[in-house]
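Undergrad: Quick one: the structure is below, questions incoming.
The values are calculated or read from the model by the stated rules, or taken from the named source; none is laboratory data. Model, not experiment: these values are computed from the prediction. Quick reminder, even Gly has a Cβ in these numbers, built from the backbone with ideal geometry, and neighbours come from all protein chains shown. Protein only, heavy atoms only, side chains kept; ligands, DNA and RNA dropped before computing areas. Shrake-Rupley method; radii C 1.70, N 1.55, O 1.52, S 1.80 Å.
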Amino acid sequence: MTRVLSGVQPSGVLHLGNYLGAVRGWVTDQRSHEAFFCVVDLHSLTLDQDPRLLAGRTLDAAAGLLAAGLDPEDCTLFVQSHVAAHPRLAWLLECTATFGELRRMTQFKDKGGNSETVRAGLFTYPALMAADILLYDADRVPVGDDQRQHLELTRTVAARFNHRYGQTFVVPEAAVPDVAARVMDLQEPTRKMSKSVGSPLGTIDILDTPDDVARKVRKAVTDTEGQVRYDPVTKPGVSNLLDLLGAARCEDPIAVAARYGDYGSLKRDVVEALVELLQPLQERYAVLSADPYQIEQILAAGAARAATVADATLDRAMRATGFLVPPKGFAP
Ligand code: TRP
């Protein structure tokens, strides 16, 4: 069976961009693949994290993933920092990737690549991401459009390592969904929906109440043309609403556009579709969040399962590189 791996940052409960752009597809993938999903808490430290909030956000992200439909019977759900092989393999991959390759990553450039005070971890971020993927021999990595370049680098690094040290890693394929690969911010529709930047009005959280959803969609930026057309370049705001409605109802946004004359009725239907989409997630979340200990147990079991796979790959990579292998029974 092919292996799937993906990860999400622990920025608390998921937002609609995480859900429609990635996680909803993971729920389908877990049934047809051997699937590993991780909350990438180590990655989150590339930006400042409040130590009093990080653990709670990690747990909330896991609860969000479970509420979205990940099932611990069907997939391995774990927290990145619980599996020590991740930062260990990342070092080997930092020594495989080049300065020039990492410097060219657009995410690095966008998040402050020319600042002296940007964390070094933001620069090496793609090597850690490559480790996340390669440790599990993942064939398929379902990610949003913005992660394509990181995936491409992962492939380059895996192939280079294999070439230098002999066949060690599976070279993975990116799997970017064609619908809603990019859910944009409602206030700045040329920017991806994200919790860490911009106005809270631009992001819909999967736990937003129907009133929140209605308020945010009503205030969503459109344009002055007054005509509903799907054209992400000249009409990013309206096109984003069409993408959302299309994604929520599993329809093509161009076909959706044909049914609407004015922005008001489009927005009304977007609200209705999103409220309907989120309701079952919110019901599951209410049950899950009543018992955080159960979530911690799911994550502990997930980490144990993940570690068996990851440790074996790390061992293979260490041996291939030529490191002195510690005697049997030695646990670092
Ligand atoms: N970089 C990804 C993001 O920001 C998160 C991530 C980390 C990831 N490791 C991964 C995604 C491994 C897929 C596979 O969305």
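Undergrad: Once every DSSP H run of n ≥ 4 in the chain is given -39500 (n - 2.57) and the sum is divided by its residues, what mean residue ellipticity at 222 nm do you get, rounded to the nearest 500 deg cm²/dmol? If you can, show how the numbers build up before the last one.
TA: Working: 13 runs with 166 residues, N = 332.
After summing the helix terms and dividing by the residues of the chain, the value is -16000 deg cm²/dmol.
Undergrad: May I pose another question? Which of the lysines could a cross-linker span from residue 219 if the Cα-Cα distance has to be under 24 Å and same-chain partners fewer than 8 positions apart are dropped?
TA: Leaving aside lysines fewer than 8 places away in the same chain, those within reach of residue 219 are 192, 195, 235, 267.
Undergrad: Springs between alpha-carbon pairs under 10 angstrom, Gaussian network model over the chain: which of 126, 232, 142 fluctuates most?
TA: 232
Undergrad: Now, a different point. Identify which of 123, 36, 78 has the largest mean-square fluctuation in a Gaussian network model of the chain, with springs joining Cα atoms closer than 10 Å.
TA: Result for the chain, Cα springs under 10 Å: 123 fluctuates most.
Undergrad: Evaluate E = 1/(1 + (r/R0)^6) for residue 311 and residue 286, where r is the Cβ-Cβ distance and R0 equals 51 Å; express this FRET efficiency to the nearest 0.05.
TA: On the way: r = 36 Å, r/R0 = 0.71.
Here the calculated transfer efficiency is 0.90.
Undergrad: So, one more: Label point 7 Å out from residue 1 along Cα-to-Cβ: which residues of the stretch 53-77 have amide N under 18 Å?
TA: 69-77
Undergrad: Related question: How much accessible area per residue does the stretch 1-74 have, counting only protein heavy atoms and a probe of 1.4 Å, in square angstrom?
TA: Numbers: 2770 Å² over 74 residues.
Ligands and nucleic acids excluded, the result is 37 Å² per residue.
Undergrad: Using a Gaussian network model on the chain with a 10 Å cutoff between Cα atoms, which of 298, 133, 206 fluctuates the most?
TA: In the Gaussian network model the winner is 298.
Undergrad: Once the convex hull of the alpha carbons of the chain is built, what does its volume come to per residue, in cubic angstrom? Before the final figure, lay out each step's value.
TA: On the way: hull volume 49.0 nm³, N = 332.
Enclosed volume per residue, from the Cα hull, is 148 Å³.
Undergrad: Report the Cα centroid-to-centroid distance between the stretch 293-332 and the stretch 179-249 in angstrom, as an integer.
TA: Measuring centre to centre over Cα atoms gives 41 Å.
Undergrad: Given the options 277, 214, 194, identify the residue whose Cα lies farthest towards the positive end of the charge dipole of the stretch 180-332 (+1 on Cβ of Lys, Arg; -1 on Cβ of Asp, Glu).
TA: Selected residue: 194.
Undergrad: What number, in percent, do you get for the relative contact order of the chain if the mean sequence gap of Cα pairs under 8 Å and at least 6 apart is divided by its residue count? Intermediate results must be reported in sequence, preceding the final value.
TA: Details: 531 pairs, mean separation 72.0, N = 332.
Rounded, it is 22 percent for the chain.
Undergrad: For 91, 26, write out the residues from largest to smallest accessible area, computed with a 1.4 angstrom probe and no ligands counted.
TA: 91, 26
Undergrad: Follow-up. Per 0.36 nm of contour for each residue apart, how much would the distance between residue 211 and residue 294 grow if the chain were fully extended, relative to their Cα-Cα spacing?
TA: Values: separation 83, 0.36 × 83 = 29.88 nm, distance 3.03 nm.
Answer, rounded to one decimal: 26.9 nm.
Undergrad: Follow-up question, since we're still on this one. I need to check one value: relative contact order of the stretch 239-286, counting alpha carbon pairs closer than 8 Å and at least 6 residues apart, in percent.
TA: On the way: 28 pairs, mean separation 17.3, N = 48.
Taking the mean separation of contacting Cα pairs over the length of the stretch 239-286, I get 36 percent.
Undergrad: I'd like to compare 63-74, 13-24: which one has the highest average count of other Cβ atoms within 10 Å, and what's the full order after that?
TA: On the way: 63-74: 19.8, 13-24: 24.8.
Result, highest mean Cβ count within 10 Å first: 13-24, 63-74.
Undergrad: Scaled to the compact-protein estimate 2.2 N^0.38 Å, what is the alpha-carbon radius of gyration of the stretch 254-332, rounded to two decimal places? Provide the component values of the computation, followed by the final result.
TA: Working: Rg = 25.0 Å, N = 79, 2.2 N^0.38 = 11.6 Å.
Here the Cα radius of gyration is 2.16 times the empirical estimate.
Undergrad: Return, ordered by residue number, the residues of the stretch 175-216 whose backbone nitrogen is under 20 Å from a label point located 7 Å along Cα→Cβ of residue 52.
TA: Hits in the stretch 175-216 for residue 52 at 20 Å: none.
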